[in-house]
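Enquirer: Attaching a single structure in structure tokens format; questions to follow.
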Amino acid sequence: MAVRHHLHRLNGTAQLLGAVRLHDLAAQLEQDLVDNKNSQGMLANLRRMEELLDELDNEAQRIVSDGN
């Protein structure tokens, strides 16, 4: 249940930030947990989420750097 809670919070935060792909993926993973989907598909989505979080982090770093 803790994983689902964190996915739900990430889902909402991504939506607030306008990170559409991250929001959609978090929503999908959250639903996969509810539906008890297979772990292979979820693992692939978790890897994709890591990539999206890295992209978001890189973009945030760029914005902060440009502001100085």
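Enquirer: What tally of residues in region 59-68 results from selecting those that are assigned to a helix (DSSP H, G or I) and either in contact (Cβ under 8 Å) with a residue 12 or more places away in the chain or loosely packed, with under 10 Cβ neighbours inside 10 Å (or both)?
Expert: 4
Enquirer: Search region 22-55 for residues being among the basic types (Lys, Arg) and closer than 16 Å to VAL3 by Cα, and hand back the single one that is surrounded by the fewest Cβ atoms within 10 Å (Cβ to Cβ).
Expert: ARG47
Enquirer: Could I ask something else about it? Taking interchain pairs and intrachain pairs at least six residues apart, which have beta carbon atoms under 7 angstrom, with the first residue in region 7-22 and in a helix (DSSP H, G or I) and the second of a type outside the set (A, V, I, L, M, F, W, C)?
Expert: LEU7/GLU30; HIS8/GLU30; ASN11/HIS23; ASN11/GLU30; ALA14/HIS23; GLN15/HIS23
Computed from the coordinates by the stated procedures, all read-outs in this text should not be read as laboratory data. As the structure is a computational prediction, the values presented were derived from the model and not from experiment. Here the Cβ is made from the backbone with ideal geometry for all residues, glycine too, and neighbour counts use every protein chain on show.
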